[in-house]
Amino acid sequence: MSFCGSLARIGRVLAVLLLLAAPAAAEKPDVLFIAIDDLNDWTGCLGGHPQASTPHLDRLVSRGTLFTNAQCAAPACNPSRAALMSGLRPFTTGVYLNSQPYGEPLRNVTTLNRYLIRQGYEVIGGGKIYHGGGGLAKENQADWHEYFDRGGDPHPPVKSVSGLNMAHFDWGPLDAPDEEMGDYRLVSWASEQLQRKHDKPLFLAVGFVKPHLPWYAPRKYFDMFPLDSIVLPKVKPDDLDDVPAAGAKMARPEGDHAAVLAHNQWKQAVQGYLATIKFLDEQIGRLADAVDRSGRADDLVIVLWSDHGWHLGEKQHWRKFALWEEATRAPLAFIAPGVTKPGSQCDAPVDFMSIYPTLIDLIGLGIPGHIEGPSLRPLLENPQVPWDRGAITTHGRGNHGVRDRQWRYIRYADGSEELYDHHQDPYEWKNLAGLTRFDAVKQRLAGMLPEQEAEDAPKGREKAEGVKPRAKKGKKTSVPAGGAQ
Ligand SMILES: [Ca+2]
Ligand SMILES: [Ca+2]
């Protein structure tokens, strides 16, 4: 036998020995990681709006445990996602805002992707998981074995359907079939991944971009919510009168809200959000069907989350970027066969720093030491188990909200405060922070806030949230078309 032949044989033997010595990665459950962009509590299961219709999402989360008081770590795409994917809070990394790229601050952090890759998972994703670059910024290309660019969405023939002329702050029906939507292609790709055999345990991340602005969806979804039937959110006209200046600045009533009123577009906007959510729900239904067809459902761990909430005129505010319930509360559900019980709901206050450790706990791996949130496994096993933690949201350095079962406490960088009693005031209309009889409550909640906060991470060249240029359809690339979503 030649020298080369011997080497090849030794190589084969070594490969077999290595295989035998490898941890039993193949026994680890597959994971379906479902991210949604900008979906607040306007779902059937969370009941945030009487007309919200999400039967597919409701049915999917009813296979496991839905958290009804889940709060984002930051009410903006980039910091929320950077925090929940890294296990480190905004005030630890300095990534507080959309304008602060996460690449450098997380360079040496064992993110969820990196940890699973090291543990022998096949880590693949599509759509929007991290912020920017269509979900795959150049900073984290090595963190995926494969990434699917869902491409862009169709645009109506006119630049601004609403007449507001405020870039992607717009809504209206599309004369296009579902198949032309990026999230439709995303589900088609994910379905193929679920049907395909994988040699390693699978981590499949599916990042829906809708219901992010613009609220353009096929016309049939708009027709389901006739304009004259639209119910506006419950608001108190003088709600901002007892909000400190720092909070009113976040609300910015002279901006979006004034424009919506001036163009008489409030109902149209609500219709647009409801229609876009309905389109999203159809895609979630297609994904759930693909799970069932794959034969994997019995040992597939599923987590579903949206990166933060959304205001549609409450406190004269639109979008996220604030510390009130509408901006911070979002869907979160885990489905873990053998752990969660179908139809469970948990009303304990939790935040998204728990997504990473809970997932790792559920698939039977050790939780990395740097992770800042607790695993929610005890609550998945028993939703009534005592839980005295608060859920913390940070928006910009020094501004925080804390939520427990009863209260929301907000403290801004200048020391001004808000306090709301959700038992009496679910819409957060009456700020109680000035009443001395609540000092002890405020003190207890303030005690959960950080004493040290990281300096701001460097700003990048983030554009204002804009319409993503229309990319080629359904193309698999390592570098997808750019555009800040
Ligand atoms: Ca978002
Ligand atoms: Ca108020």
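Each reported figure results from applying straightforward, stated rules to the coordinates on display, with no laboratory input. Everything numeric here is computed off the predicted structure, so don't read it as measured data. Here Cβ is always computed from backbone atoms with ideal geometry, including for glycine, and neighbour counts include all displayed protein chains.
Computed values, structure above
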| read-out | value |
| --- | --- |
| 5 angstrom amide H check on LEU332, placed H, neighbours 5+ away | PHE67 |
| Angle between the chain longest axis and helix 182-195 axis [Cα atoms, degrees, rounded to 10] | 30 |
| Options SER53, ILE34, GLN443, ranked by Cα towards positive dipole end of the chain, top entry (Cβ charges) | ILE34 |
| Leading residue at positive end of dipole, the chain (Cβ point charges), from VAL161, THR65, ALA205 | ALA205 |
| Peptides 116-125, 224-233 ordered by average Cβ neighbours within 10 Å, highest first | 116-125, 224-233 |
| Selection from TRP324, TYR356, GLY172 lying farthest towards where the dipole of the chain points positive, charges on Cβ | TYR356 |
| Antiparallel bridges, percent of DSSP beta bridges restricted to the chain (to nearest 5) | 45 |
| Helix 266-294 vs. the chain, principal-axis angle (Cα, 0 to 90°, nearest 10) | 20 |
| Dipole magnitude of the chain, debye to nearest 20 (Cβ charges: Lys/Arg +1, Asp/Glu -1, about Cα centre) | 1360 |
| On Cα atoms only, tilt of 3-21 relative to the major axis of the chain in degrees | 50 |
| The chain, helix-only ellipticity at 222 nm - DSSP H runs n ≥ 4, -39,500 (n - 2.57), divided by all residues, nearest 500 | -8000 deg cm²/dmol |
| Phi to ³J(HN,Hα) by Karplus 6.51 cos²θ - 1.76 cosθ + 1.60 over segment 391-408, Hz, x for Gly, Pro | 9, 10, 10, 10, 10, x, 4, x, 10, 9, x, 10, 10, 10, 5, 10, 10, 10 |
| Alpha-carbon gyration tensor eigenvalues x 5, square-rooted, for the chain, Å | 37, 27, 21 |
| Rounded to whole Hz, the Karplus (6.51, -1.76, 1.60) HN-Hα couplings of segment 328-344, x for glycine and proline | 9, 7, 8, x, 8, 8, 10, 10, 9, x, x, 10, 7, 9, x, x, 7 |
| Euclidean distance between Cα centres, segment 153-215 to segment 413-438, Å | 38 |
